[in-house]
Amino acid sequence: MTYLNQVFAMAGKDLRSELRTKEALNASLSFAVVILLLFSFVVDPDSEMLEQMSGGLLWMVFAFSGTLILNRGFARELPNDCLDALIASPIPGSALFLGKAMANFVLIAIIEAICFPVFGILYNLTWTTQLPVLMGVSALATWAMATLGTMFGALTVNMQLRELMLPMLIYPMLIPALMAAMQLTTLLIAGQPIDAEHIIWLRVLVAFDIIFTALAAVLVETVLVG
Amino acid sequence: MTALQAQGVWKYYGDFAALQQVGFAFAAGSCVALLGRNGAGKTTLLRILAGLSQASEGGVEILGGNPRQAAVRSRIGIIGHGIGVYDELSAEENLLTFARLYGVSDAAQAVDHWLERTDLARVRRGMAREFSRGMRQRLAIARAFIHRPRFLILDEPFTSLDDRAIALLQGLLRDALADGATVVLSTHQLKEALELASHVLLLNRGKLAFTGERTAEMLANPGWVYQHYGEAA
Amino acid sequence: MRDKIIFGAGIFAALYFIRNLYVILLQLPDEAMQGAVYRIFFFHLPPYFAAVFCFLGAAIASGMYLKTKRWHYDVFAVSATEVGLALAAINLVTGMIWGRQQWGIWWTWDARLTSALITWLIYLGYLMLREGIKDPSERAKNSAVLSIFAFFAVYFTYKANEWYRTQHPGPVLTIRTGKNTIDPAMQAMLFHNLFAFLLLTVVLVAVRMRLEDSQRAVESLRRRAHAVA
């Protein structure tokens, strides 16, 4: 009980301060919209091709704009030495990690919730046919980004170049999850259900989330306590 | 009862030994003034006590356990170099967050109490960012005391505080000590610290140079311990 | 003594490579399907295995470092990772040369190639992280955690990529002299060169560790000099 309470206290604190200042959200959202616009110059917006690329395009947008959110995660703790106050408090490292990952998850999900309709409008696509499944897939892939992003945020928090290092480190590692999300999203936007051929990608996402969440929860305490 | 114990503590940064074979023990209710020049290892030692860092060799025990145990940390209060409160949260939200992290049973009531006690009740909904320096410091003090710690770790507490906050903190520390809590504080303000202290611990280049009770001659001459056990001696 | 052993092993590895080259270039016949270019395979697969050993060793040493905080594990982890990166680069480059000759293209986004490139980038990130952290203890600790993550990520990348249709010749060795079986002389050569590469790897890691030790000794002297001054 105490554990969950601590997790939610942590997540609530992060969400409240971000929603109040909206520093990362605004930057991330405008960045996402700009990439969405730029993409109309890459492929003919009216072509069939666009639908076939939709999953790839969207997850590129989320991966890039999500980094702006992930970068803020631990950077928020730097002013006033708040990180020390947190680590000295009785919250276990794994609870701290889960709380922060949850906050990052919600913030990236907000960006996605705005980008999907914007994408649909700009490119005249009906993307809602498989909405519940699409939301499930997005949630799994967003959690993958949130876990790795939070963990590597902790690893790089004391570095001068952390804003460059974080994407450099997490993008290559995220590739399996992003690849799965891209495949599934394209399929779902086209209105098709996840068939036997594609179920494997769902398994990739689930396995990715489980393995890296567990690994991060075990190792984060070592990273935080010097 | 021993509230604080360190045995053969070494701390390396790379191969630089910031602490070398430091050991001591203090009973519950002690107020230990941790003295030493810049770079003597005071902050390193306090970080290990607070569970922010781990000893390379040896170990410390606070209130009978390792500070990396959550149960032990929930009884420790710290004030470090930074104030440790969030600028974009209000005074109330800051205290509530930490009350929940510390598992304080009646969080709302504790927050009310400490806002009163630190004279911040009037501005409870104000953002910490908008506070004056003194108000921020008082908020930091409330943050450190909200869970009624039985063990306090303070790193240079008087250095950055204004007079009002110093008076507040001194009052709180006296109350806590009277209540049987244990205090470790590092400081350059020898006079203020020695008045409170029951014991003195001097570090010199990472080694324990002196440990013992605070005597009357130290009060009369705050530089006494440096003159007798410091580098020059 | 240690230096002499390293030196001796290095000489031995060099002689072994010369011997292998002699056999590969002058004694073994051309392969039935690929002709002469198949010989690059002896310098393609062995470094790959050696690199996998390096990364595995680095991950284990990193775990040991986190457990014991013994300096030596960190020294081993960074040395093994660097050597592993070099070997993985040899694997990539020889593969590209072979692909150019056989498929007519330098690069294709086939599963195994992509995984190999991702692996390379992940471990490059490890070295970049090390560059960016000044405090040696923090550097050792954080890069150890990264190394463990990297190994899992690489494993996962390979697993995920396996489900993609692949253009790469399968893990089954395709070196034949005519009939449908693997030529025993060629297969033996593969193991000879694998052994040579593993020996080279051990020597390189040992040399790199020696270098790292000296580098740290210099750093420590410099810090001490600053402390005095």
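Bear in mind these aren't lab numbers, they're just calculated from the coordinates by the rules spelled out. Bear in mind the structure is a predicted one, so any value in this text is a computation, not a measurement. FYI the Cβ positions are ideal-geometry reconstructions off the backbone, even for glycines, and counts take in every protein chain you see.
Structure notes:
- Between A:Met60 and B:Ser132, the simple label model (points 7 Å from Cα in the Cβ direction) yields a spacing of 5.5 nm.
- When chain C is reduced to its Cα atoms, the Kirkwood hydrodynamic radius in Å: 19.5
- Annotation: segment C:36-99 has a Kirkwood hydrodynamic radius of 12.5 angstrom, from the mean reciprocal C-alpha pair distance.
- Helix A:199-224 and the longest principal axis of the Cα set of chain A meet at an angle near 20°.
- Computed from the Cβ-Cβ distance with R0 of 22 Å, the FRET efficiency linking C:Leu121 to C:Arg100 stands at 0.50.
- Take the Cα of B:Arg68, step 7 Å toward its Cβ, do the same at A:Ala190, and the gap between the two points is 5.1 nm.
- Principal axes of segment A:3-225: Cα extent on each, largest first, Å: 56, 35, 29
- Cα long-axis angle, helix A:93-122 against chain A (0 to 90 degrees, to the nearest 10): 20
- Mean residue ellipticity at 222 nm, helices only, the protein assembly as shown: -21500 deg cm²/dmol; runs of at least 4 DSSP H residues each add -39,500 (n - 2.57), and the sum is divided by the number of residues.
- For the protein assembly as shown, Kirkwood radius (reciprocal of mean inverse C-alpha pair distance, Å): 28.6
- Proximal lysines to A:Lys13, defined as alpha-carbon separation beneath 30 angstrom and excluding residues fewer than eight positions away on the same chain: A:Lys22, A:Lys100, C:Lys141
- As a size descriptor, the averaged projected area of the C-alpha convex hull of segment B:2-229 was calculated at 12.1 nm².
- Size of charge dipole - the protein assembly as shown - debye, nearest 20, with Cβ of Lys, Arg +1 and Asp, Glu -1, no other charges: 1440
- Average other protein chain Cβ within 10 Å of Cβ, residues C:117-127: 3
- Coarse-grained scattering of segment B:104-147 at q = 0.13 Å⁻¹, given as base-10 log I(q)/I(0) from a Debye sum over alpha-carbon atoms: -0.25
- Cα-based Rg of segment A:138-226 normalised by 2.2 N^0.38 Å, two decimals: 1.25
- With R₀ set to 25 Å, the beta-carbon distance separating A:Val43 from A:Thr126 gives a calculated FRET efficiency near 0.85.
- If R0 equals 51 Å, the separation of the Cβ atoms of C:Arg222 and B:Leu219 corresponds to a calculated FRET efficiency of about 0.75.
- Each other residue within a Cβ distance under 13 Å of B:Leu49 adds +1 if Lys or Arg and -1 if Asp or Glu, for a net charge of +3.
- Other-chain or far-sequence residues with amide H under 5 Å of B:Leu203's (modelled H): B:Leu35, B:Gly36, B:Ala209
- In segment A:3-225, taking the dipole from charged Cβ atoms about the Cα centre, the farthest positive-side position among A:Leu140, A:Ala9, A:Trp127 is held by A:Ala9.
- Check: chain A dipole with +1 on Lys, Arg Cβ and -1 on Asp, Glu Cβ, in debye: 580
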